[in-house]
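Comments concern the structure below.
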Amino acid sequence: MSNPATAIFAERESEVRSYCRNWPVVFDTSKGPYQTTEDGERYTDFFSGAGALNYGHNNDILKEALIEYVSRDGVTHSMDMHTKAKREFLEAFTELILEPRGMTHKIQFPGPTGTNAVETALKTARKATGREDVVHFTNAFHGMTLGSLAVTGNAFKRAGAGTPLYHATAAPYDDYIVGETSDFAWLKRIWADSGSGTSLPAAVIVETVQGEGGLKAARGEWLKELQDLCREYGVLMIVDDVQAGCGRTGTFFSFEDFGLDPDIITLSKSISGYGLPMALTLMKPEIDDWEPGEHNGTFRGHNPAFVTGAKALRTYWADDTLEKNIAARAQELTERLEVLAGLAEGSELRGRGLLSGVAFADLEVAEKIAKAAFARKLLVETSGPSSEVVKIMPPLTITKDELAAGLDQLEDATREVLG
Ligand code: PMP
């Protein structure tokens, strides 16, 4: 029987919708790590808007800043004119994120969402090098517009879209994660052999943890070696930190502990801090040779998002309180996930920090666990080419008790599924 509360979604929304099928309830309010339905049923949210809510739902500090801004008629939209809100965001980002890390990157506000940041990264690399190809990795996820889709290693998502917009080469991610070898000899051979008919690419685009592709986490040495190779051949290195950035893996950028200095970095999801659409593309000054108006758009920096974004940086990145919480919670999460992994042969712990999960050898299991978790009022997503990974992404601000309670629900669900 059709549910009157959800009938209009089924009738009017395109078939492309997915999360509502996994979680067929209607949410109305949300707070911290919880979302509540219009009927007052509270769910623990270990999905966090796919990483867009790192500071929790309706974070009080950010909400207050937004209310204050809106109630004094702060500019909401002004194309890319200078505004006080934008200045304060740029100042906070420079002072708290770039300068302490010795980074001199320029910032583009590429549009509202992650794929806009990736498109801008790809265009910047092609413009700066005058080359076309971009190397990406198997199972990578970089977005759903035609450019970012061309570097997304997911056959299902690419299938309906026809020929990719430009030539992109897929390189294997997996072998170099867990294997002993971190040898890019194969790539080097292609790049060094100008007679082979292949030309040097403009860039390599890489995620340090494949958020959608199965939570595989690249080793730091592998990434460093990739960077060295890029440097040797003048190929630009793009780190897509849309999902793994903004603290998810334990540090603001997911690559900080590896000594990387990417030419281009993409950020989105939690950069506004409040679930407001916002994205950044960071690029080294020497490759920022855009002419005014050459790459424009309407919503390239939304002032309310600047306000909450600046407030989030000043609240959570001026000292190491949040980083300590992420480290402590990540340790607890890992211990609990190890127990779950121990329940099924061939399963494997994946990810880093609070972007972690368990991959199951039986490809059906993770989806069943997510379903059983939903029945217990816990929202968890799956990841990976066969949705074989249970993916856990609580808010970075979650307390020990809140995390433990959600993980109890997850453990119950897992034990039920595994019998
Ligand atoms: N890059 C990565 C690494 C992502 O995880 C995502 C979104 N899951 C994107 C790009 C695209 O972001 P958006 O969905 O906001 O366009």
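The values are calculated or read from the model by the stated rules, or taken from the named source; none is laboratory data. What you see is a predicted model, and the numbers here were worked out from it, not measured in a lab. Here the Cβ is made from the backbone with ideal geometry for all residues, glycine too, and neighbour counts use every protein chain on show. Only protein heavy atoms, including side chains, enter the accessible area calculation; ligands, DNA and RNA are left aside. Shrake-Rupley method; radii C 1.70, N 1.55, O 1.52, S 1.80 Å.
Of note:
- Just one residue in the set Gly245, Gly214 is within 16 Å of the ligand (Cβ to nearest atom), free of Cβ contacts under 8 Å to residues at least 40 places away in the same chain and under 28 Å from Phe47 (Cα atoms); that residue is Gly245.
- Within region 73-87, considering residues that are buried (at least 18 other Cβ atoms within 10 Å of the Cβ) and of a type outside the set (A, V, I, L, M, F, W, C), the one farthest from Ala279 (Cα to Cα): Thr83
- The listed residues are Ala128, Ala121, and the only one of them that is open to solvent by less than 10 Å² (accessible area, probe 1.4 Å) and in the same structural domain as Ala305 (by the TED database) turns out to be Ala121.
- Residue within region 288-301 that is in the same structural domain as Ala50 (by the TED database) and in contact with a strand residue (DSSP E or B) (Cβ under 8 Å, 6 or more places away or on another chain) present: no
- Answer from Thr83, Thr44, Thr6 - the residue that is at pLDDT 95 or above, β-branched (Val, Ile, Thr) and over 25 Å from the mean Cα position of the chain (by Cα): Thr83
- Any helices (runs of 4 or more DSSP H) falling wholly within region 34-145 and containing at least 3 residues that are closer than 19 Å to Ser268 by Cβ: 48-51, 84-92, 114-129
- Residue match in region 390-397 (condition: assigned by the TED database to the domain that holds Leu340, hydroxyl-bearing (Ser, Thr, Tyr) and part of a strand (DSSP E or B)): no
- Count - residues of region 231-250 that are buried (at least 21 other Cβ atoms within 10 Å of the Cβ) and hydroxyl-bearing (Ser, Thr, Tyr): 1
- Residue match in region 100-117 (condition: open to solvent by 80 Å² or more (accessible area, probe 1.4 Å) and either free of Cβ contacts under 8 Å to residues at least 24 places away in the same chain or within 16 Å of the ligand (Cβ to nearest atom) (or both)): yes
- Selection status of Asn22, modelled with pLDDT under 95 and within 21 Å of the chain's Cα centre (by Cα): yes
- Index of the failed condition, Glu212 passing every other in (1) farther than 17 Å from Ile326 by Cβ; (2) under 10 Å from the mean Cα position of the chain (by Cα); (3) surrounded by 24 or more Cβ atoms within 10 Å (Cβ to Cβ): (3)
- Considering residues of region 28-61 that are small (Gly, Ala, Ser) and touching a residue at least 12 places away in the same chain (Cβ under 8 Å) only, the residue surrounded by the most Cβ atoms within 10 Å (Cβ to Cβ): Ser48
- When each of Ala305, Ala330, Ala310 is tested for being in contact (Cβ under 8 Å) with a residue 12 or more places away in the chain, within 16 Å of the ligand (Cβ to nearest atom) and in a helix (DSSP H, G or I), the lone residue that passes is Ala305.
- From Glu256, Glu294, residue being over 18 Å from Ala117 (Cα atoms), of a type in the set (Asp, Glu) and more than 16 Å from the ligand (Cβ to nearest atom): Glu256
- Filtered residue count, region 124-144, keeping only those that are at pLDDT below 95 and β-branched (Val, Ile, Thr): 3
- The criterion of at least 1 residues that are at pLDDT 85 or above is met by the following strands (runs of 3 or more DSSP E) wholly inside region 155-247: 203-206, 236-240.
- When region 380-419 is limited to residues that are closer than 13 Å to Asp45 by Cα and among the acidic types (Asp, Glu), the one that is least open to solvent (accessible area, probe 1.4 Å) turns out to be Glu381.
- Some residue of region 9-19 being surrounded by 12 or more Cβ atoms within 10 Å (Cβ to Cβ) and either touching a Phe, Trp or Tyr at 6+ places or on another chain (Cβ under 7 Å) or not assigned by the TED database to the domain that holds Pro395 (or both): no
- Positions within region 310-331 being open to solvent by less than 40 Å² (accessible area, probe 1.4 Å) and among the acidic types (Asp, Glu), in sequence order: none
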